[in-house]
Amino acid sequence: DAGVTQSPTHLIKTRGQQVTLRCSPKSGHDTVSWYQQALGQGPQFIFQYYEEEERQRGNFPDRFSGHQFPNYSSELNVNALLLGDSALYLCASSLVMADPYNEQFFGPGTRLTVL
Amino acid sequence: SQKIEQNSEALNIQEGKTATLTCNYTNYSPAYLQWYRQDPGRGPVFLLLIRENEKEKRKERLKVTFDTTLKQSLFHITASQPADSATYLCAHVGGRYSSASKIIFGSGTRLSIRP
């Protein structure tokens, strides 16, 4: 049983560019959350998708957008990249009705560097 | 706004001793507190969850306590081993004034166990 997978592993972009990160949830999971983790910090919640809709959103600008597909996989898009967007982007999947409630399984992350 | 505070200083202890990590939160109590382990370059791995109405939870060498009066959770690793060396993250989940699915992470405490 594959866990959460993310692609690509690493990515280098320049300021102003756009980037798309991808996530496949753990088998059987229907909810995907995205986090940004800066060096030395804890993950910061970006947004959560369930049933192909954004259900929750953290304090991130509209430059950050996402999508969830019918097979539960998800994409994170970031437009007009800034240097401060450099971070590890984590995807986490969960089963919305599972117990313990909200146990999440994280992927290995995508390391984004903005030059 | 709600804040989750973990000791940012690294904790260095001798193998075999008990490691105790602290997580404090402000404002409202969460519905749950979760503890994760994160190794360098990897995504967090879920360890334990404790509910608002629980005082203590154990899993093998791990123990978590939750004191809503002190607004604090303690995470203990007994008989510590060098393999326990990692960053440990506390996560505040939901609560009376927040969506049940909103998760706020602390910045983590790095634990080093010396042989």
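What size of dipole, in debye to the nearest 20, comes out for chain B about its Cα centre when the only charges are +1 on Lys and Arg C-beta atoms and -1 on Asp and Glu C-beta atoms? Spell out each step's value before the answer.
Details: 16 positive and 10 negative charges, 33 e Å.
Magnitude of the dipole: close to 160 debye.
Go through the stretch A:74-86 residue by residue and turn each phi into a ³J(HN,Hα) via Karplus (6.51, -1.76, 1.60, θ = phi - 60°); whole Hz please, and just put x for glycine and proline.
9, 10, 10, 10, 10, 9, 6, 4, 10, 4, x, 7, 5
Checking the table A:Lys13/B:Lys63; B:Lys3/B:Lys57; B:Lys3/B:Lys59 against a 31 Å threshold on Cα-Cα, which pairs fail?
Working: A:Lys13/B:Lys63 43 Å; B:Lys3/B:Lys57 23 Å; B:Lys3/B:Lys59 27 Å.
Table pairs above 31 Å Cα-Cα are A:Lys13/B:Lys63.
Using a 1.4 angstrom probe on the protein heavy atoms only, line up B:Ile77, B:Ile13 by accessible area, largest first. Present the calculation step by step, with values, prior to reporting the outcome.
Values: B:Ile77 0, B:Ile13 25 Å².
Reading off the accessible areas and sorting them downward yields B:Ile13, B:Ile77.
I'd like the accessible area for A:Glu52: 1.4 Å probe, protein heavy atoms, all chains in place, Å² to the nearest 10.
A:Glu52 has an accessible surface of roughly 100 Å² with all protein chains in place.
Cα convex hull of the protein assembly as shown: mean projected area in nm², to one decimal?
Working: hull surface 50.9 nm².
Average of the hull's projected areas for the protein assembly as shown equals 12.7 nm².
What figure in square angstrom, to the nearest 10, would you give for the accessible area of A:Arg111 with a 1.4 Å probe?
80
Once you list every other residue whose beta carbon is under 14 Å from the beta carbon of A:Lys13, what net charge do they have if Lys and Arg are +1 and Asp and Glu are -1? Walk me through the numbers on the way to the answer.
Numbers: positive: A:Arg15, A:Arg63, A:Arg111; negative: A:Asp85.
Once positives and negatives cancel, what remains is +2.
Using only the heavy atoms of the protein chains and a 1.4 Å probe, how would B:Lys59, B:Lys3, B:Lys71 rank by accessible area, largest first?
On the way: B:Lys59 95, B:Lys3 115, B:Lys71 70 Å².
The ranking, largest first, comes out as B:Lys3, B:Lys59, B:Lys71.
Work out which residues of the stretch A:29-47 lose at minimum 50 square angstrom of accessible surface when the other protein chains are put back, relative to the chain isolated, with a 1.4 angstrom probe, and list them by number.
SASA drop of 50 Å² or more in the stretch A:29-47: A:Pro43.
Average partner chain C-beta neighbours within 10 Å, per residue of B:44-50?
Numbers: counts 10, 2, 8, 0, 1, 5, 1.
Average per residue, whole number: 4.
First measure r as the distance between the Cβ atoms of A:Glu52 and B:Gln81, then evaluate 1/(1 + (r/R0)^6) with R0 = 35 Å and state the FRET efficiency to the nearest 0.05. Don't skip to the answer; put the middle values down first.
Working: r = 44 Å, r/R0 = 1.25.
About 0.20, to the nearest 0.05.
Picking from A:Asn71, A:Ser27, A:Asn59, whose Cα lies most toward the positive end of the charge dipole for chain A (charges on Cβ: Lys, Arg +1; Asp, Glu -1)?
A:Asn59
With chain A treated as a Gaussian network of Cα nodes joined by springs under 10 Å, which of A:Gln48, A:Gln68, A:Gln37 yields the largest mean-square fluctuation?
Fluctuation is largest for A:Gln37.
Using only the C-alpha atoms of the stretch A:1-45, find the volume of their convex hull and express it per residue in Å³. Intermediate values should be presented prior to the final figure.
On the way: hull volume 5.1 nm³, N = 45.
Residue-normalised Cα hull volume stands at 114 Å³.
Convex hull over the alpha-carbon atoms of the stretch B:4-114: what's its volume per residue in Å³? Can you show the working numbers first?
Details: hull volume 10.4 nm³, N = 111.
Taking only Cα atoms, the stretch B:4-114 has a hull volume of 94 Å³ per residue.
If contacts are Cα pairs under 8 angstrom and at least 6 residues apart, what is the relative contact order of chain B in percent? Each step should come with its number before you reach the end.
Values: 294 pairs, mean separation 42.7, N = 115.
The value is 37 percent.
If you take the accessible area of B alone, add that of A alone, and subtract the area of the pair, what total do you get in Å², probe 1.4 Å, to the nearest 100? Don't skip to the end; give the middle numbers.
Working: alone 6550 and 6300 Å², together 11230 Å².
Counting protein atoms only, the buried area is about 1600 Å².
Once amide H atoms are placed 1.01 Å from N in the peptide plane, what residues at a sequence separation of 5 or more from B:Leu48, or on another chain, have their amide H within under 5 Å of its amide H?
It is B:Trp35, by chain and number.
Go ahead and run the numbers for FRET between B:Leu70 and A:Arg22, Cβ-Cβ distance against an R0 of 41 Å, rounding to 0.05. List each step's numbers first, then the result.
Working: r = 42 Å, r/R0 = 1.02.
According to the calculation, E is roughly 0.45.
How large is the dipole of the protein assembly as shown about the Cα centre if only Lys and Arg carry +1 and Asp and Glu carry -1, each at its Cβ, rounded to the nearest 20 debye?
On the way: 24 positive and 21 negative charges, 112 e Å.
Dipole about the Cα centre, nearest 20: 540 debye.
Name the residues whose placed amide hydrogens come within less than 5 Å of the amide hydrogen of A:Ser86, ignoring near sequence neighbours (fewer than 5 apart) on the same chain.
Those qualifying (amide H under 5 Å, at least 5 residues apart or on another chain) are A:Val114.
With all protein chains present and a 1.4 Å probe, how do B:Tyr32, A:Tyr49 order by accessible area, largest first? Kindly include the intermediate steps, with their values, before the conclusion.
Details: B:Tyr32 35, A:Tyr49 15 Å².
Output order, biggest surface exposure first: B:Tyr32, A:Tyr49.
So what is the relative contact order of chain A, in percent, for Cα pairs below 8 Å that sit 6 or more residues apart? Present the calculation step by step, with values, prior to reporting the outcome.
Details: 298 pairs, mean separation 41.8, N = 115.
Relative CO of chain A lands at 36 percent.
Which values, in whole Å and largest first, are the semi-axes of the equivalent ellipsoid of the stretch A:5-114 obtained as the square root of 5 times each eigenvalue of the Cα gyration tensor?
Numbers: eigenvalues 105, 37, 32 Å².
Ellipsoid semi-axes (Å, largest first): 23, 14, 13.
The values are calculated or read from the model by the stated rules, or taken from the named source; none is laboratory data. The structure presented is a predicted model; accordingly, all values stated were derived computationally and were not measured. Backbone-built Cβ (ideal geometry, glycine too); neighbour counts: all protein chains shown. Remember, those area values only see protein heavy atoms, side chains included, never the ligands or the DNA or RNA. Shrake-Rupley method; radii C 1.70, N 1.55, O 1.52, S 1.80 Å.
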